[in-house]
Structures are given as C-alpha cells and as structure tokens.
1. Given DSSP loops and a limit of at most 11 other Cβ atoms within 10 Å, what is the longest stretch of chain A that contains no such chymotrypsin sites (Phe, Trp or Tyr not before Pro)?
2. Give me the Kirkwood hydrodynamic radius of region A:239-317 in Å, from all C-alpha pairs, to one decimal place?
3. May I ask you to order A:133-141, A:6-14 by the average number of other C-beta atoms within 10 Å around their residues, highest value first?
4. Inside 10 Å of the C-beta atoms of A:295-301, what's the mean count of C-beta atoms belonging to other chains?
5. Relative contact order for region A:382-423 using alpha-carbon pairs under 8 Å, separation at least 6, rounded to a whole percent?
6. I need the P(r) histogram for region A:2-167: all alpha carbon pairs, bin width 10 Å from 0 out to the longest distance, whole percents.
7. When the distances between all Cα atoms of region A:259-365 are binned every 5 Å from zero, what whole-number percent does each bin get?
8. Could you compute Rg(Cα) / (2.2 N^0.38 Å) for the protein assembly as shown, with N its residue count?
Amino acid sequence: MITAALVGNPNCGKTTVFNKLTGAVQKTGNWPGVTVERKQGFLRGAPKDDILVVDLPGIYSLSPYSPDEVVSRDFLIGDSESRPDVAICIIDASNLERGLYLLTQVADLRIPMVVVLNMMDVAEKIGMRVKADALSEILGCPVVETVGTKGQGTSAIGEAVQSAYEERTVPRTISYGNAIDDCIERLIPIIKETVRDDLLRWVSLKIIEGDSMVMAELDESTAASARSVVEELEQQVSDDGMQIIATARYKAGEAIRDGCVEHTESVDESERISERIDRILLNKYLAWPIFALVMFTVYLVSVQTVGLAISDYINDELVVWVQDHAAEAMDSAGVDTVVADMMLTGVIGGVGAVIGFIPLIALLFAFLVFLEECGYMVRVAYMLDRVFTYFGLSGKAIIPAVIGIGCSVPAIMGTRVIEDESNRNVSIICTSFMPCSAKLPIITLIVGAFFGASALVITSLYLFGIVMILISGLFLKKFRGFIGRPSPFVMELPVYHMPTVRNVMFGVKEKSWSFIKNAGTIILLSAVLIWALSSFTFTGEYLGDSATTDSILSAIGKALCWIFVPLGFGGSETWELTVASFTGIAAKENLLATLAVLLDSAVGIDGLPTMEVLTEYLSVTAYPEAVAMSFLIFNLICAPCIASIAAIYRELHSHRKLLLALLYQCATAYGVAGIFYQGYVLLHGEVGLGVLWLILFIAVPVYVILSKRPFGFITGGKEEVQE
Amino acid sequence: MNLATLFVLLIIVLIVGGAAYRVYRSIRDHDTCYGCSAKCSDCKDGNPINCTFEKK
Ligand SMILES: Nc1nc2c(ncn2[C@@H]2O[C@H](COP(=O)(O)OP(=O)(O)O)[C@@H](O)[C@H]2O)c(=O)[nH]1
Ligand SMILES: [Mg+2]
C-alpha cells in the first residue's frame, strides 16, 4: 500500500481534489482553515497498488506556528518507517509563488513527490500559462495539471503517484545560494550522529532558521556548535537566520516560476473584476455599512419575510391540521384521553415545533453558504480582523465565530487554526456566543412575538454575539491562561467566483441535517418526558390536557425559578421559562419544544398560533417584551448544548478549565440579561431593588476590565498580569 | 382500555423506543457530532473517510 500525503496552501483546492480522488464528500470552503484535522481515504481506480490519500490541513510553511502546521509537519516527517511514501504537493496555479514557497520546504524533506497544478482554469483566466513539462523538468518529479472543481486531470494523479513511488522520484536538491549551501555543508557533520540521513539537509536548514522544535531535539553541545556555525553565516550576510532562509526560499521559488510560466496576452478578467468589486465592498467608508446591509438583507428574506411565512404556515397550519385530525380520529375511536394527549401534545406538538423551522434554517444557510463560497465571507473576516486584533484577540478568531452561525461544535474545533494557546482558549469559550442555527428558531419566535420579526433586531443579535466575544477578550485577559498576544490573520483574498449549485446544496443539507437528526431523537424524547412531568402530580394523578399547576414539573420549576428573579422571568407564574432554559442544555431547539408542550396549557386557549400563545402567556408580567428579551439573551449566551460542552472539553483538555468556561458563560449570560432587564425597568421609571442588581452587573465586569490586577487582593498581589 | 388506545400506545412506544435507541446508538458509536451530516459509524477505519472533526 502506498501512503500519499496531500499538502498545500489553504484554499488551493486540496479538499476538492481529495474528494475527487477518493469519492468522499468533505466540506470544501472558500475559506482558510476548513480542514483542521487530517482525513484519509483510498484512491478510487488506483492503477496498481492501493493508494491511501491523506488530506492534511492547509499550511503556508512547515514552521511550527499553528497546530495545523504542526499536524502537517509531524505527518510528513514521521519516523523512519512511517513517513508517507509520496507527497502530493498541490499548488494553486494562479498563485504560484506562495505555493512554491511551501513546495521548496516539502522538497527539502526528500520524499518522492508529485506536483499537482490545480486551478488551471483560474490561471488561464488571469493570463498565465504554466508549462507543466517545464516545471517537471526543473523539479525532477511528475507534474499533473488539474481543475479540481471539474475533476479535470485528477485521474492522472494516481498514475503519477504510482510512478513516483516506484521510481522514487525525489525532487532535485534546491540550491539556496552559495552562502547557505556552504553553511549546510558545515552543519551536516555536526548533526550527522543524531539526525536521520534523509533529514540532514532539512534539519540543517531548520537550524539556520532557529526552529525551536528542531533545536529542542538536539543535545546541548551539538546545538551550541551548530549555533556558532549559523552565527557566522548571520554575520556574513548580516541578517538573522530565519530571514535569510525565507528570502532564499522566495528567490528559489521565483526562479522556478520564471522557468515555467508564460504570460499570455489575455487580460486577467476575473481578477480585474474582483478588484473593482473590492474597491466598493472593502472601501474604507462603505465596507461596514455594506456588510450590515448584506446581513440585514439575508435576515430580512430568510427570517422576517419568506422564511417566517413558510415556517408559520407549517407551525400554525400544517402541524395544527395534523393535530386536529389526529385528535378527531382518536376521539371517535375512543382512545383514552391520557394516551391521546401524550400523542398530540408530547409527540406531535414537541417535534412539530422544531420541524417547522427547517425551511427557515435551510433558507438562511443557502444565503450564508453562497456568501462563503463566492468569497465575500473571507473579506468579512479580513474586515473583522482589525477589530479583533484591536481587542487583543487573534484575527483568526473570526473563523470559528462565522462557522458558529451554523453549529458551535465544528466552530469550537475550528479554533485550532489559532496559533496562540491563550487566544485559542478565549475563542473556545466565546465561540458559542454566536447564535447557532438551533438558537435561530428561539430568536425567531421571540422577536416574532414581540418585535414584529424585525430583521434589524435579529441582525443586531448576531452583532451582539461578536461584541460579546470582543468584550470577553478584554475580560478574560485578566486571568492567567488567557493572556494572549494578538496575531494578525495573514490571508489572501481569493477572486470572487460563482458558487456551484451543488456546493450550496451540500452546505445547506449539512447545516440543516442536525435539526432533522435532533428532532427525531433528543427533542422527541425530552418533549415526551416534559409532557409526562407536566401532566401528572407526584401522586400519579393525571391533570387533564389544560392544567399543569400541580404537576411534578411545575413543582421543580417553581423550586428553581427564584434563580432568575433579577432577570425578570423568575416569578412563579413564569416557571415554564426556567424549565425551558434547563432543557436547552440537551439541545437548544429543545427550548422551543418545551415551550410548545407547556405553554398551551398555561394559556388555556386552544388553537392560537405559537407566537400569540407566547404573547398571551407573558402578558401577566409587568414588562412582557423585556422579560422575553432577557430570556432570549440569557439563553443565547449561557452554557451551550451538551454536544458543544463536550467539544469544549475536548479542546481545553481539562475539567477545571471546562468548569471555568461554563461558569464564565453562565455568569456572563446572567449579567448581560440582568443589565438589559433592570435597565429597561429603570428606564420605565420604576426605581426599586433592581437598581442594586444593575449596579452589581455593571460594576463587576467594568472593574475587572479596567483594573490592572483585579485579583491582586485575593492572591496578595503575587499574580503577574502582563499586557 | 380499548383496542384503539392500545394501538396508539403501541405507536408511541415504537416512536419513543426508536428515538431512545437512536440516541443510545449515537452515544455508543461516538456519533454525537452535530457538525456533519454523515454518520460517524460510516466513516470509521479510514473507509471511506475519517471524520473532519474527530480527534486522532
Ligand atoms: N475555479 C476553480 N476553483 C476551484 C478549483 N479547485 C477548488 N476550487 C474552489 O476553491 C475553493 C477552495 O477549495 P478547497 O478544496 O476547500 O481548498 P482547501 O482549503 O485547499 O481544502 C472552493 O470554493 C473550491 O470550489 C479549481 O481547479 N478551479
Ligand atoms: Mg480543505
């Protein structure tokens, strides 16, 4: 069996080619950092031996700056038995320099190599002709031209891998100029004892670069004598080692490029168009208003107008129709009322409340996947980058934030693109502040019931998520383990292109799937459980289908609801909201199913549309819209669903940190919802005890953020907080 | 209890039992990732693919 590793820059089309080679359907994205773990699959139609293809995360270099670079590097180096047999180096033909910069590093590893020139169509469009045979001549290894999206040329990769393996076509040694080559000659005898033969040249180069991971593996005396050789070189060239190598690599890359590229007459149409579009979309003054407008339009269509109309129809017509007919049928057949109620309220009502939102979610994701695929989202990231670094966060934290609009689980795992451990911790904890797709129905329900389904309010809630992440950046920086250095996000803006329908559909299906999966499992189970707990008393007496007052669940809810008094929904007349907040831990859609099961009987009027049920239900409180909003804010920010909690644990690797994370999320949710509710009450002229809560909720974070050493008084000032 | 009640009860038991089994199975197979539409159990052992989101 041949193991072949796919290496390449982010966004060069690795995953697209991987999918074509293996027949797998992995998510592609016009977005760096989509592949954070390595994936593997067998090549379809391999010419002779089985070929196992491993898709590695996209990287710019083999320096260990970020976890994805380390994953790729470790895999390529391997140990003497288990390194890949062949490296398939994918290069975006329209962006040769960057690809060649990485290629020179892979070439130094002395693994048999196959070069894939992908995106030949784009290269052609911008007026470049890359001559594959010339490149193959220069490098001394097979070169295949492909268009990944169309599957053009990918079938030749298998043959190339087979021949590279049989003939061990290690690329020619790339010269980095006399000074460096001499230095390598002198380093090799020093490290010969400790380093594998095939890696001698690569390790020498890394020593010149001062690569910390390589240096750490050398013993002290070797390292010292190697350092002195490198210092001589540094003096000779009067630059530091890292810079010397980087420059030499770029030069080598340029030389290779010049040997194989011809510029044709045709103008770079799409690039020019992209530039023109960017002049407007990334304009200093227009960029933000346009971004706001785009998001507003997305929510206007997918939620406020079309999406809500469809969902309303399903919720208020279809589900009710099914319920009515089922009720009639069961009634005439003489089904026992308890069983009938269980079917109608528990099963149909609970699941129906969630199912109705699928079209709305699908519509939203059709828009978002489109924006991502066409290249706009990466520009949004570029805009947000500056804001994030300003707040001391890594610019790359935007990637999880955007993925988090779909689901927090992959978003939390997506934080692995962030190099700085402390910044990554902040991101892991805050990513779920972005409303995920499961929270969207709750948003829709509440904004629909109290704020006319305003797209403006909904858009603001997403911006609110970003703001909360930024504030958390400032706040958490005061704790040990969270003090990170901001690192800007180096990325290239790809040219705009029209996404394929297939890609958009795939994205939509993937994002909506968890809904269907959950509705039939977790939601259904908890809806039935909630129904049972709310329909019976402790003595097992059935309460009838319009009373929950003395039920087991109401006793539990009333025993716990005082927790939420400062947030406005802790009164015993709204104990259902407390219960719903707790059931949200299983899955956030569950809030909805729970309310669907509980509220009808709380309101006591049959056949009202869901939103009116909610309005009616909250009309007993003094400020219904404030209570609803506070409930919403709390549930958007507080600890995420159990699947996300598991993901947070996997990424933080520590019970203690997990506990801190959950505590931070819940406390933040509590504080922010409290500020909203108490502020609202105060603004309406009611001055009471609530003011104390307001002061507390505002004072604590302000103190922590402003003070230099907020916990100095606890630890006696020993704790050092560096800026 | 009449036959119709028994029938509806049976349906409920089947639905709820099915859901419970699916939850049990997803936990047993570590198939709890919401980020992917494929069943994790379909992707195990490098065939056809390893999950994007699973730890090594
Ligand atoms: N025009 C064109 N687009 C491509 C080609 N290969 C991939 N893409 C697109 O480039 C983007 C990035 O691809 P992806 O496979 O996710 O890149 P990765 O980050 O290297 O895995 C996607 O939008 C693909 O549809 C190609 O040969 N031509
Ligand atoms: Mg990828």
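1. Maximal segment without exposed cleavage sites: A:1-284.
2. Radius from the Kirkwood sum: 18.1 Å.
3. Highest mean packing first, the order is A:6-14, A:133-141.
4. 0
5. Value for region A:382-423: 32 percent.
6. 11, 45, 37, 6, 0
7. The distribution over region A:259-365 is 2, 10, 12, 10, 9, 9, 8, 7, 7, 5, 5, 4, 4, 3, 2, 1, 1, 0, given as percents.
8. 1.07
Since every read-out is calculated from the coordinates, none of them should be taken as a lab result. Values in this document were obtained by computation on a predicted structure and should not be read as measured data. Please note: Cβ atoms are built from the backbone with ideal geometry, for glycine as well, and neighbour counts cover all protein chains shown.
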